[in-house]
């Protein structure tokens, strides 16, 4: 399985004070990537700029490090598959806009634009850093995600980025990585065909099938849809009594406004597998684009019906 690691370019902003420490940083970086590879995946390192032009210390670019590194480390970096810029082979305008700081969304970390961390969030994968500062010595990062939605509303939230900078961090993320391997899907067709295996507590309206099957391999929205469905599945597993509580959900969920329910009731009503027609007010916003996942959570504890996956209903 191919596995993208997204290099946090902010971890390159402050070069090491000397060549010795730079060498130590590279050794730890290599150990970290090797630890990911040992999980049984093929690693691709996505970077903002050509990794081989990185300045590790004053007057000490990576090409000079190659001269000093031992043969094993040198060969490992030479053989490491890299893709520059982040959006290489990804047909997605939002990621390109984030790269160029020209879109309607941005990610902020340490009071700076965090392009790589944003890409990791959109692709639902792991960000990797050099341990150049204490702030990168952690296995999770909380980043401000600020965007303007299709209604002109400013949405500001804190998102959790799965992050590594040491081999020990990879050990703490083993369950996440193995779950990603187990639940990895090729495309929307594969996701739909495996729905009963992956989402035993979710019920899908028949109309959702074509919507999910239309999601293509490599599209960030495929990862977002999959991520939200797994969050709904996990919520159901822990929901044993009482009514649905949006406060217990890991991302923002909201009902439709009264005006939209009145205006769009027919479009928000879907036929369920039990032949009942229900109005799906609860929804999750997804990016890139103005995507929505509508669900019905008033059946019984531990069960949620998925009614719609697609662009905002107008």
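The values are calculated or read from the model by the stated rules, or taken from the named source; none is laboratory data. Bear in mind the structure is a predicted one, so any value in this text is a computation, not a measurement. Quick reminder, even Gly has a Cβ in these numbers, built from the backbone with ideal geometry, and neighbours come from all protein chains shown.
Remarks
- Condition met for residue 157 (in contact (Cβ under 8 Å) with a residue 60 or more places away in the chain, more than 28 Å from residue 15 (Cβ to Cβ) and within 16 Å of the chain's Cα centre (by Cα)): yes
- Looking across the stretch 110-142, the residues that are part of a helix (DSSP H, G or I) and in contact (Cβ under 8 Å) with a residue 12 or more places away in the chain come down to 115, 116, 117, 118, 119, 120, 121, 122, 123, 135, 136.
- Filtered by the rule that a residue be free of Cβ contacts under 8 Å to residues at least 60 places away in the same chain and under 14 Å from residue 106 (Cβ atoms), the stretch 143-154 gives 143, 144, 145, 146, 148, 154.
- Yes/no for residue 118 being touching a helix residue (DSSP H, G or I) at 6+ places or on another chain (Cβ under 6 Å) and at pLDDT 95 or above: no
- Per-region count, the stretch 168-187, residues at pLDDT 95 or above and buried (at least 16 other Cβ atoms within 10 Å of the Cβ): 3
- Residue that is modelled with the lowest pLDDT, among those in the stretch 121-144 that are within 16 Å of residue 221 (Cβ to Cβ) and in contact with a strand residue (DSSP E or B) (Cβ under 8 Å, 6 or more places away or on another chain): 123
- Complete set of residues in the stretch 188-199 that are part of a loop (DSSP other than H, G, I, E, B) and either at pLDDT below 90 or surrounded by 15 or more Cβ atoms within 10 Å (Cβ to Cβ) (or both): 199
- When the criteria are applied in full, residue 95 meets the requirement of being closer than 30 Å to residue 148 by Cβ and out of contact with any strand residue (DSSP E or B) (no Cβ under 9 Å at 6 or more places or on another chain).
- Candidates 56, 12, filtered to the one that is closer than 20 Å to residue 141 by Cβ and at pLDDT 95 or above: 12
- Residue 111 vs. criteria over 26 Å from residue 3 (Cβ atoms), assigned by TED's automatic domain parsing to the domain that holds residue 25 and exposed (fewer than 14 other Cβ atoms within 10 Å of the Cβ): yes
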